[in-house]
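Accompanying notes for the structure given below.
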Amino acid sequence: MIPLSWYLLFSAALFSIGLFGVLSRRNAVAILLGVELMLNAINVNLVAFWRYGDIAVMAGQVFAIIVFAVAAAEVSVGLALVISVYRRRNTVIAEDLDLLKW
Amino acid sequence: MTTEQIIFLIVAGATLAAGLLVVTSRNLIHAALWLVATLFGVAILYTLLNAGFIAVVQVVVYIGAIAILFIFAVMLTRKDMRDSGPQHNKTWWLGALVSLLTFGGLFAVLGQWSGLAKTGAELPAGFDSVAALGEALTSANGYVLPFEVASVLLLAAMVGAVYLAFNKK
Amino acid sequence: MNFWTDPLKVAADWLQGVFTSWGMNEVFAHVLVAFLGVLLLITILMVIDIFLVWIERKVVARFQDRIGPNRLGPFGLIQPFADIIKLIIKEDTTPAGADKVVYNLAPILSMMSVLIIWSVVPIAPVILSVNLNVGVLFLIAAGAIGTLSIIMAGWSSNNKFALIGAFRQVAMMVAFEVPMLAMLLIPTIFAGSMNMNDIIQAQGGLWYFVLSPLGALIFLVAIIAELGRAPFDLSEGESELVAGFNIEYSGMKFGMFYAGELLHAMTFGGIWGILFFGGYRFFGLEQVSPFLAIAIFLFKALLGYWVIMWVKYTMMRIRIDQMLVFNWVFLTPLSFALLMVTALMNALLQGAPVWLYAAGMFLSNVVVAWIALEVARSVSRKERQKVEGVAQVAEAHH
Amino acid sequence: MNEWLYVLLFMIVGALIPVGAILGGFLLGPKKPNPLKQSTYECGIEAVGEAWVQFKAQYYIFALVFLVFDVEAVFLFPWAVKLGALGLYAALEGVLFIAILVVGLLYAWRKGMLEWA
């Protein structure tokens, strides 16, 4: 049996990689890719806690599914924003989008 | 070391490597494909956790829909197949530092926690996690409200995204 | 227990015994036996796949009043082997500027996405490949990998036609996956399980086709679109896009896409049979022997495949805008309406006798179908009046 | 034993078979590449520009609506499994869930996003 710590460490590492992507990427789409990694890391944690806690309590899995819904909402709106910005400003480089209004 | 542990180590290592490639690939389509590989690895970890439903959902939602959405978005927002110029901003080292610190902090916090070496109980025979999930999602003292709120959230996301992507001004 | 009633178990036990007598680790021997079983099943599938080429060509010939392959061997049965030899010894060209790794990975993933569907298909009462409790959703997961392989093929080929074809195909596949998902929920509701074998077992009295004829019909339309076959073959559209996403593939790589498509069609024929026509069940005949059950299942799968072919060679291709409107404005709302009605009827008729339950379900399906057809008719009549009215005005001005 | 191991076996064998077939084709077929043979096919006319053509944002909308309904189905599958045991109350919850999302579909349709403009 795999100890819980392995999953938690894996999830922490994946979260950090995603964080690095979010902080260092210039392209807005790539930033959203990093956010996906972070959300997945959280999901691994949730499911691991379900498995290693009381199995009859489904909270872990329910929250994992809710995270799927949140990820879907985040991606669809986020990418729509990127496309919308691209149409007006012709760029997807996050650094160039430093005005709050144009 | 048991077979399960070996499988875990291989899958986890490959997943993290693919995750690193997601954040470092120059070609965004490659980055999206590496994301697919990462998510697939995570799905395998879910099966190791006996959460088959979550694993399949992971493949259906992430690989079947979100990855496709990413690839479409990349193709819609690029004029050139090859990307010129740096893919990382000037302060990428700061990002690397912050994420390393985050990992270090999480590592330190986890090290102090007592429940870390916990191993899970055996699954009770005949336990059907899908049925249990269905019951939890719909019974009145379960998670009915999150269930319906998720629907509203998805509605809001759909309306907002359709509005944003199609606002031709 | 003997070979006649449970061939797989007998063979597996025997093999396991042989392996362990060689001094092999118990677990390793078990995995090896499972591996050999999977290899056997997939090999049989590939052989069936080869003959599907022959079946497809023969059937299309009959639809078009021709004879079809008839030179090599009896009834031209050797023809597909000649085709394969031709594909193997053809030169494998890779277009310049192609993304090599992705380009080569795409046909492999395409074939794999079809083959892994069979991991959840129950072929006979005792031959369940893998008894997953998420069987139905697994189909969609396998389809997701197929969708990905298409977009990979289209993107990596560095060809405009391939990319446009891939985009169209993916747009269509994702569009028709929505009614497909909704229709997968209907057998799940009836059987109270997502497990494919449970769904077959629950159809002991009544096939779900009787309970939900409209559901079976919508599912058929959705799987045909998912396969990208006529009338939904607009990603191929040889008159505009030449061949669609696989235009730059040659030799065996093209062969993988082609063989994958044929096997996919038969697989979905089988899935249709499982979900709505009782799978390997046929009035108790399946209990006699697993071999008979396999024959029944294969017959149903080929029948489903024949229906898909029938549609393909009868209908003409529809335009992409018509296809999308048909799906999003008609099929998707209809399938959700049917799903809601089915869920409500299921709850209302819970304790009712079987005949009442079946009659209520059947009638509610008929009513939903009738309302949908009436709405579609009145909308199209209005549309036609609008178009014809405009045309008349234009004529008057001339 | 974990039943997903068998699915993994299916994946391995299912990938090995096409790899073997393609490798066979690679080994047996001739290999005489030339620039003309490797140029992309555009009905015999010389290829113009890159394969990178601008796409309609409509494609994005279809993928987006699909994503939303995909996630919806994920919620509905556990619901459908337990529906028989839970009765009318649960059925109504699910119907409400679907109805809310159909509103979104209606919105997209009324805005004309689901048509090929």
Candidate set: the stretch D:87-99, residues that are more than 8 Å from chain C (Cβ to nearest Cβ) and crowded, with 19+ Cβ neighbours inside 10 Å; chosen: the one nearest to A:ILE66 (Cα to Cα): D:PHE97
statement: With the first residue restricted to the stretch C:112-124 and required to be more than 15 Å from C:ASP49 (Cα to Cα) and at the interface with chain D (Cβ under 7 Å from one of its Cβ atoms), and the second required to be outside any helix (DSSP H, G or I) and small (Gly, Ala, Ser), Cβ contacts under 9 Å at 6 or more apart or on different chains are C:SER119/C:SER129
- prompt: From the residues in the stretch C:47-93 that are without any contact (Cβ under 8 Å) to a residue 60 or more places away in the chain and closer than 26 Å to C:SER156 by Cβ, which one is farthest from the other protein chains (Cβ to nearest Cβ)?
  reply: C:ASP83
message: From the list C:GLY192, C:GLY204, exactly one residue is within 9 Å of chain D (Cβ to nearest Cβ) and surrounded by fewer than 23 Cβ atoms within 10 Å (Cβ to Cβ). Which is it?
response: C:GLY192
query: Residue check: is A:ARG51 of a type in the set (Lys, Arg), closer than 30 Å to B:TYR143 by Cα and at pLDDT below 90?
result: yes
field: From the options C:PRO69, C:PRO95, residue that is of a type outside the set (Phe, Trp, Tyr), in the same structural domain as C:VAL311 (by TED's automatic domain parsing) and not in a helix (DSSP H, G or I)
entry: C:PRO95
task: Test C:MET345 against the stated conditions and say whether it is out of contact with any Gly (no Cβ under 7 Å at 6 or more places or on another chain), within 11 Å of chain D (Cβ to nearest Cβ), closer than 29 Å to D:LEU105 by Cα and surrounded by 15 or more Cβ atoms within 10 Å (Cβ to Cβ).
output: no
query: Looking only at helices (runs of 4 or more DSSP H) that fall completely inside the stretch C:283-398, which ones have 3 or more residues that are in the same structural domain as C:ARG168 (by TED's automatic domain parsing) and either closer than 18 Å to C:TRP207 by Cβ or over 23 Å from the mean Cα position of the chain (by Cα) (or both)?
result: C:290-314, C:332-348, C:354-397
task: Name the one entry in A:ILE93, A:ILE17 that is more than 8 Å from chain B (Cβ to nearest Cβ), out of contact with any Phe, Trp or Tyr (no Cβ under 8 Å at 6 or more places or on another chain) and either crowded, with 20+ Cβ neighbours inside 10 Å or more than 30 Å from B:GLU122 (Cβ to Cβ) (or both).
output: A:ILE93
- prompt: What about C:LEU331, is it out of contact with any His (no Cβ under 9 Å at 6 or more places or on another chain), crowded, with 16+ Cβ neighbours inside 10 Å and under 30 Å from C:PRO125 (Cα atoms)?
  reply: no
field: Test result for B:ILE63, modelled with pLDDT under 90, within 12 Å of chain C (Cβ to nearest Cβ) and out of contact with any Cys (no Cβ under 6 Å at 6 or more places or on another chain)
entry: yes
message: Criterion first (of a type outside the set (Phe, Trp, Tyr) and more than 14 Å from C:SER110 (Cβ to Cβ)) does C:VAL210 satisfy it?
response: yes
- prompt: With (1) within 10 Å of another protein chain (Cβ to nearest Cβ); (2) over 20 Å from D:PRO18 (Cα atoms); (3) in contact with a Ser or Thr (Cβ under 7 Å, 6 or more places away or on another chain); (4) surrounded by 21 or more Cβ atoms within 10 Å (Cβ to Cβ) as the list, and C:LEU163 as the residue in question, which single condition is left unmet?
  reply: (3)
- line: By residue number, the members of the stretch A:6-24 that are of a type in the set (Phe, Trp, Tyr) and within 11 Å of A:ALA41 (Cβ to Cβ) are A:TYR7, A:PHE10, A:PHE15
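The values are calculated or read from the model by the stated rules, or taken from the named source; none is laboratory data. These numbers come from a predicted model, not from an experiment. Backbone-built Cβ (ideal geometry, glycine too); neighbour counts: all protein chains shown.
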